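Note sheet for the following structure.
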Amino acid sequence: MLLLSFLLLGVIIPGADNELKHKHAFQGTTTFKFIQISSFVNNTCAQNQASGWLDDLQIHGWDSDSGTAIFLKPWSKGNFSDVELTEVVEILQIYLTRFLRVVQELVHEYQLTYPFEVQVIAGCELHSGETTVSFLWGALGGVDFASFQNNTFVPAAEGGKPAQWFCTFLSQYQRISDIIETFLSNTCPRFLLGVLDAGKAELQRQVKPEAWLSSDPPPLPGHLLLVCHVSGFYPKPVRVMWMRGEQEHPGMHQGDILPNADGTWYLRVILDVVAGEEANLNCRVKHSSLGGQDIILHWGHPTSTMVITLAIILPTFILLICLALWYLRRRPYQNIQ
């Protein structure tokens with residue numbers, strides 16, 4: 001059944017020339033990847049989760065109950081026709097369903113015990129808008145199991161004998177390797193280029209960040225915990241540094257880059273310094289939307305402390321004014337009574 005699934009994959013999903021027809025405006029590396037997580041509770045209970053990602057942006061989901069793809073962006077279909085997309089979804093339905101059955105049938109060969117999870121990541125990278133590199137990795141319970149390299153399956157050392165058995169089994173069917181190679185090297189790059197074309201208005205947009213400084217409770221007496229906040233920027237790559245003069249200060253701690261509700265990003269970078277040594281410190285923000293004009297906030301500068309103060313005091317001040325006006329408007333009625 002596993003062999004049949006791969007054969008159908010090669011018949012239905014169209015290929016393309018190995019050469020990319022045109023250069024793309026996107027620089028650096030752009031990746032499209034399909035992520036599959038298959039959870040096996042026992043020999044009768046198993047479930048697939050699947051998703052499609054453009055770098056760290058999820059553009060596809062999968063409804064495991066109905067076996068239907070979910071297109072999370074208006075442009076996440078790329079330039080594939082409705083017929084091609086329907087065929088791709090149908091083969092994914094077949095593949096994911098039969099993957100569960102095949103693994104359950106081979107549990108004894110793999111010497112596995114329930115519960116366990118299988119993770120698969122497959123896709124392609126576009127480098128500088130011109131060349132592509134494809135990849136496929138499999139893991140068992142988060143531990144490397146096997147990969148696809150040079151048109152063949154290669155067992156991972158961490159996978160032990162089950163991984164060796166699996167790769168030896170698949171090596172008997174060169175047709176499977178040829179089909180996967182065609183999908184990864186031809187179909188995936190074509191789809192990736194189509195997605196980048198269809199979504200370029202959103203993907204290439206530039207939104208300038210806003211930045212401000214604050215302080216958190218210090219971990220030790222006699223210390224200051226300085227925080228540089230950067231929010232509202234797009235795309236995601238950003239560099240935020242605490243500087244002393246023109247030198248980057250050691251010991252910074254950068255948090256995770258978190259999403260805002262509007263699709264932009266937020267980041268904070270913390271610096272722990274001894275009280276009295278905060279002079280001449282500044283936070284520098286570099287982002288593609290700034291056109292080389294970095295944001296520089298100096299600690300102790302009126303604009304870096306006043307904004308924080310106003311952000312805290314102004315809402316309270318407005319509320320007090322509203323309460324006072326409401327009270328003055330009621331006084332004449334109280335006097336009449």
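The values are calculated or read from the model by the stated rules, or taken from the named source; none is laboratory data. Quantities reported herein were computed from a predicted structural model and do not represent experimental measurements. So basically every Cβ, Gly included, is an ideal-geometry build from the backbone, and we count neighbours across all protein chains shown. What goes into the accessible areas is simple: the full protein's heavy atoms, side chains included, and nothing from ligands, DNA or RNA. Shrake-Rupley method; radii C 1.70, N 1.55, O 1.52, S 1.80 Å.
Somewhere in the range 254-263, is a residue surrounded by 16 or more Cβ atoms within 10 Å (Cβ to Cβ) and at pLDDT below 95? The answer is no; no qualifying residue exists.
Can you tell me how many residues in the range 264-280 are touching a residue at least 12 places away in the same chain (Cβ under 8 Å) and open to solvent by 90 Å² or more (accessible area, probe 1.4 Å)? Don't jump to the end; show me each part of the working.
Taking the range 264-280 first, the residues touching a residue at least 12 places away in the same chain (Cβ under 8 Å) are 264-275, 278-280.
Of the ones still in play, those that are also open to solvent by 90 Å² or more (accessible area, probe 1.4 Å) are 280.
Of the residues in the range 264-280, 1 are touching a residue at least 12 places away in the same chain (Cβ under 8 Å) and open to solvent by 90 Å² or more (accessible area, probe 1.4 Å).
Just one of the numbered conditions (1) touching a Phe, Trp or Tyr at 6+ places or on another chain (Cβ under 7 Å); (2) part of a helix (DSSP H, G or I); (3) open to solvent by 50 Å² or more (accessible area, probe 1.4 Å) is not true of Thr168; which one? For Thr168, the exception is condition (1). Being over 18 Å from the mean Cα position of the chain (by Cα), basic (Lys, Arg), open to solvent by 60 Å² or more (accessible area, probe 1.4 Å) and closer than 27 Å to Ala139 by Cα is a description that does not apply to Lys208.
Scanning the range 207-240 for residues that are of a type in the set (D, E, K, R) and touching a Lys or Arg at 6+ places or on another chain (Cβ under 6 Å) yields one hit, Arg239.
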